[in-house]
1. If we count GluC sites (Glu not before Pro) as exposed when they sit in a DSSP loop and have at most 15 other beta carbons within 10 Å, what is the longest stretch of the chain that avoids them all?
2. Measure up 65/124; 4/191; 152/191; 123/155; 14/65 against 25 Å on the Cα-Cα distance and list the ones that go over.
3. Using only DSSP helix segments of four residues or longer, with each worth -39500 (n - 2.57), what per-residue ellipticity at 222 nm results for the chain after dividing by its residue count and rounding to 500?
4. Among 35, 113, 53, which residue has its Cα positioned farthest towards the positive end of the charge dipole of the chain, with +1 placed on the Cβ of Lys and Arg, -1 on the Cβ of Asp and Glu, and the dipole taken about the Cα centre?
5. So what's the convex hull volume per residue for the Cα atoms of the chain, in Å³?
6. For the chain, with a Gaussian network of springs between Cα atoms less than 10 Å apart, report the residue from 46, 175, 141 with the top mean-square fluctuation.
7. Could you work out the relative contact order of segment 1-135, using alpha carbon pairs under 8 angstrom and six or more residues apart, expressed as a whole percent?
8. Please work out how much length the chain gains when fully extended from residue 47 to residue 152, using 0.36 nm per residue of separation minus the C-alpha to C-alpha distance, in nm with one decimal.
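Only the coordinates and a few stated rules stand behind these numbers; no lab work does. Just so you know, these numbers come straight off a predicted model, no measurement behind them. No Cβ is skipped: glycine too gets one built from the backbone with ideal geometry, and neighbour counts run over all protein chains shown.
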Amino acid sequence: MEVKELKHPLIEHKLAILRDKNTGTKEFREIISEIAMFLCYEALKDAKLYDITIETPIKSMKTHKLDENDYVFLPILRAGTGMLDGVIRVIPNAKIGHIGMYRDEETFEPVNYFFKVPSNIEKKTVIILDPMLATGGSALDAIEVLKEKGVKRIKFLSIISAPEGLKRVQDKYPDIEIYTACIDEKLNSNKYIVPGLGDAGDRIFGTK
């Protein structure tokens, strides 16, 4: 499955503000949310609609709607929750799950500590949220857990992605659709994305 990178002057403008080390917590949160909304729009281009008849102020008409209950947003804690406000604006009635992971600072691999999702998750389209797709470890773990639960339709949204992480996910799960605002240059020796934007979780929550 091809990685879909958003190419738009407005996205580039927003990313420039995100990357700036002088951008404050409030503005950083707002822009993460805005870009998440744009990513969600792109990820739903192939959404299935059902027929419905409505009454406009002028006349009745046949039109189409999305079954919002068919979707689950799954932020990877904790940084993924920073994207929730944006995607919920697009699908307000979508269900919300959570998967908790932290990065082992010695192995750089994710450690799972929490998993809670809506019932009948296997029948829904699950959209994983994580601002940074770096090594791909967290993405792979989240996908694996979902597949073990029987989920067939999975999409992944990230703000910034590293080529190494994208390749790792694509090699193992070529069926997963990945949407990202930008593919950066590489990972450094500490497995941070270059040029990146620093630690997204710390900047969203103001913890550093």
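1. Result for the longest clean stretch: 3-104.
2. 152/191; 14/65
3. -9500 deg cm²/dmol
4. The one lying farthest along the dipole's positive direction is 53.
5. Per-residue hull volume (Cα only) is 137 Å³.
6. Highest fluctuation of the listed residues: 46.
7. In percent, rounded to a whole number, it is 22.
8. Gain in length upon complete extension: 36.3 nm.
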